[in-house]
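Peer 1: Okay, handing you the structure first.
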Amino acid sequence: MKILFAASEIFPFAKTGGLADVAQALPHSLSKHVDIVCVMPLYDFMDKSLLQKSELSFSVILGDITHLITLYTSNYKGVTTYFIQTPMLSDSQELYSSSSGSYANNNPNFGIFCAAIVLLAKELHVDIVHLNDWHTALAALWIKESAPQIKTVFTIHNLAYQGLFDASMLKYFGIDTKYFTMQGIEFHNQLSFIKAGIAYSDIVTTVSPQYAKEIMSERFGCGLHTFLHTHKEKIFGIINGIDLELFNPQTDTALRATFSSTNINSKYLNKNALLKELSLEISQKPLFVMVSRLAEQKGFDLLIDSIEQILKKNLILVIQVDGENSYKQKLVSIAKRFKNLFLQFGYNEDKSHRLYAAGDFLLMPSLYEPCGLSQMIAMRYGAVPVVHGVGGLLDTVHENQQKCGEGIVFSHPTEDALLDAVDRALKLGNNTKEMKRVIGFNMECDFSFDKSALSYIHHYKELVA
Ligand code: GLC
């Protein structure tokens, strides 16, 4: 069985968030069972020295425009990735934005990527194309239309990002108007990429079982819950995992000191090193960390509303983030008034590992969370997660249950609930013996992709049977 796995970002080549981690770790786990290659766009900011030019090349026709595609390849941890290079798609300095503004939800050039995925799938004679998020979703429609022998799986990592375009863009993408219906790709008179992925894929998955249930409701359905209902027989939730080799506190060279579940004391060397870096005295004060994106999804409104109350408690909070400026400004002004709040702006993989290793607790007040990887990475590095019980956070963090993993879970996204959760964490932190038990227990949990990979394989096999 041959699979082509497509995503807009794949670690280590390009990464803005969890999608890139999953698009690396999942194919890596799947490669133990099936023949799998990946495909992503080649962005101009990427380091080309890691890539080889492929002999394969083709052109993609989108509406009236012909795009000449040059292909590159690279191999990371045994999995080959193809890179689609063509000026309009590749010409960007940042993943989802250009000089003319942010493209977070609406870069039409991902249409070129979708068309290139279809051509590559045909060229490589794959049995299944596994698409991820809206940037790849239009490929499902084109595969149904031009290569129905190829089966498609579409994974939703975040339903809120849908790829919406003015209806006039149908012509630009060369899409027949017969697909522009409520059952098809029309969404409030706009063209929706994500609807193509849902309507025309053979199987749709979400990145946690809980999120698969939640998106059927008005609260989490982002306007698509009724449409999703009509497809519910083919929608499955499969929990994400992490690459246990890349996230390994026993071997991680980014850390100040490596450690394991049987040597938790060495974890504290990482905390001490961070405190020193922040010009703080070595102290037993509980250290809360956040590795996140400044976005509404991640609960920054709730956090900012509660942050003064949180910072009045006997704790230190370090936030490593990138994202929306409005949140940035608010945080900066709060940090000026509170000496126990530290902000690290910008994404830095090594720094984030050091933060997980240093933290006693990870704070994750997400409003919604399709899966979330930070909580799993935190548990692997011995930081106890304090989370809003929603989506994948509910599937992976359990309170008082002796079930992998363990943490503090609050049920409602309110100030009171968050403050109460922080208090419960502080109480746990004060009980050194219990804290060490939870840390050790979480570090032993299996957060790998291996089990989930088998669920995907099961669905793949059903499709090609
Ligand atoms: C998106 C989701 C996050 C998920 C990640 C990987 O970033 O917001 O919850 O963990 O994709 O699937």
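Peer 1: I need to check one value: relative contact order of segment 264-443, counting alpha carbon pairs closer than 8 Å and at least 6 residues apart, in percent.
Peer 2: Relative contact order comes out at 22 percent.
Peer 1: Could you derive backbone 3J(HN,Hα) for segment 296-309 from the dihedral phi with the Karplus parameters 6.51, -1.76 and 1.60 (θ = phi - 60°), listing whole Hz in sequence and x where the residue is Gly or Pro?
Peer 2: Using θ = phi - 60°, the values come out as 3, 3, 7, x, 6, 5, 4, 4, 5, 4, 9, 5, 5, 4 Hz.
Peer 1: Sticking with this one: If we count every other residue with Cβ under 15 angstrom of residue 281's Cβ, Lys/Arg +1 and Asp/Glu -1, where does the sum land?
Peer 2: Net charge in that neighbourhood comes out at +3.
Peer 1: Considering the convex hull of the alpha carbon atoms of the chain, report its projected area averaged over all viewing directions, in nm², one decimal.
Peer 2: Average of the hull's projected areas for the chain equals 21.2 nm².
Peer 1: Can you give the calculated 222 nm mean residue ellipticity of the chain, where each DSSP H run of n ≥ 4 adds -39,500 (n - 2.57) and the sum is split over every residue, rounded to the nearest 500 deg cm²/dmol?
Peer 2: After summing the helix terms and dividing by residue count, I get -10500 deg cm²/dmol.
Peer 1: Under the √(5λ) rule applied to the eigenvalues of the Cα gyration tensor, what semi-axes describe the equivalent ellipsoid of segment 395-465? Give them in Å, descending.
Peer 2: 34, 17, 7
Peer 1: Okay, next question. Using a simple spin-label model with points 7 Å from Cα along the Cα→Cβ vector, what separation in nm is obtained for residue 276 and residue 250?
Peer 2: Here the modelled spin labels are 2.6 nm apart.
Peer 1: Take peptides 131-137, 304-310, 175-181 and line them up by average Cβ neighbours within 10 Å, highest first, as a rough protection proxy.
Peer 2: Output ranking for 131-137, 304-310, 175-181: 131-137, 304-310, 175-181.
Peer 1: Another question, if that's okay. Can you tell me the length gained on complete extension of the stretch residue 226 to residue 402, counting 0.36 nm per residue apart and subtracting the Cα distance?
Peer 2: Contour length minus Cα-Cα distance gives 59.7 nm.
Peer 1: Between 0 and 90 degrees, rounded to the nearest ten: what's the tilt of helix 349-358 against the longest Cα principal axis of the chain?
Peer 2: Orientation of helix 349-358: about 30 degrees from the principal axis.
Peer 1: While we're here: Quick check: the angle from helix 134-146's long axis to the longest principal axis of the chain, C-alpha only, nearest 10 degrees?
Peer 2: 30 degrees
Peer 1: State, to one decimal in nm, how far the label point of residue 454 lies from the label point of residue 2, with both points 7 Å from Cα in the Cβ direction.
Peer 2: The two pseudo-label positions are separated by 2.8 nm.
Peer 1: Another question, if that's okay. So, in Å, what gap is there between the alpha-carbon centers of segment 279-301 and segment 308-322?
Peer 2: Distance between centres, Cα-based: 5 Å.
Peer 1: Continuing with this model, one more query. Sum up the charges of everything whose Cβ sits under 10 Å from the Cβ of residue 16, counting Lys and Arg as +1 and Asp and Glu as -1, but leave residue 16 out.
Peer 2: Neighbourhood net charge equals -1.
Peer 1: Something else: Is the shape of segment 264-443 rounded, prolate or oblate, going by the alpha carbon gyration tensor and its root eigenvalues a ≥ b ≥ c, with a/c under 1.5 for rounded and a/b larger than b/c for prolate?
Peer 2: Cα axes put segment 264-443 in the rounded bin.
Peer 1: Can you give me the relative contact order of the chain as a percent, contacts being Cα pairs under 8 Å and 6 or more apart?
Peer 2: Once divided by the residue count of the chain, the mean separation gives 12 percent.
Peer 1: Quick one: work out Rg over Rh on the C-alpha atoms of segment 253-331, Rh as Kirkwood radius.
Peer 2: Ratio of gyration radius to Kirkwood radius for segment 253-331: 1.03.
Peer 1: What do you get for the angle between helix 450-464 and the principal long axis of the chain? Use alpha-carbon atoms, 0 to 90 degrees, nearest ten.
Peer 2: 20 degrees
Peer 1: Averaged over all directions, how much area does the convex hull of the C-alpha atoms of segment 185-230 cover when projected, in nm²?
Peer 2: Seen from a random direction, the Cα hull of segment 185-230 projects 3.3 nm² on average.
Peer 1: Evaluate E = 1/(1 + (r/R0)^6) for residue 167 and residue 65, where r is the Cβ-Cβ distance and R0 equals 22 Å; express this FRET efficiency to the nearest 0.05.
Peer 2: 0.70
Peer 1: Kindly identify segment 170-308 as rounded, prolate or oblate by the Cα gyration tensor criterion: order the square roots of the eigenvalues as a ≥ b ≥ c, call it rounded if a/c is under 1.5, otherwise compare a/b with b/c, prolate if a/b is larger, else oblate.
Peer 2: Prolate, since a/c reaches 1.5 and a/b exceeds b/c.
Peer 1: Please compute the per residue accessible area over the chain with all protein chains in place, 1.4 Å probe, rounded to a whole number of Å².
Peer 2: Accessible area per residue: 40 Å².
Peer 1: Counting alpha carbon pairs within less than 8 Å and at least 6 residues apart, what relative contact order, in whole percent, applies to segment 217-364?
Peer 2: After rounding, I find 27 percent.
Peer 1: Quick one: grab the alpha carbon gyration tensor of segment 1-129, order the square roots of its eigenvalues as a ≥ b ≥ c, and give me rounded if a/c is under 1.5, else prolate or oblate depending on whether a/b is larger than b/c.
Peer 2: Since a/c reaches 1.5 but b/c is at least a/b, the shape of segment 1-129 is classed as oblate.
Peer 1: Too long at a 22 Å Cα-Cα cut-off: which of 403/427; 351/436; 151/213?
Peer 2: Violating the 22 Å Cα-Cα cut-off are 351/436; 151/213.
The values are calculated or read from the model by the stated rules, or taken from the named source; none is laboratory data. Fair warning: this is a prediction, and the values are worked out from it, not measured in the lab. Note that each Cβ is placed from the backbone with ideal geometry, even for glycine, and that neighbours are counted across all protein chains shown. Please note that ligands, DNA and RNA were not included when accessible areas were found on the heavy atoms of the full protein model with its side chains. Shrake-Rupley method; radii C 1.70, N 1.55, O 1.52, S 1.80 Å.
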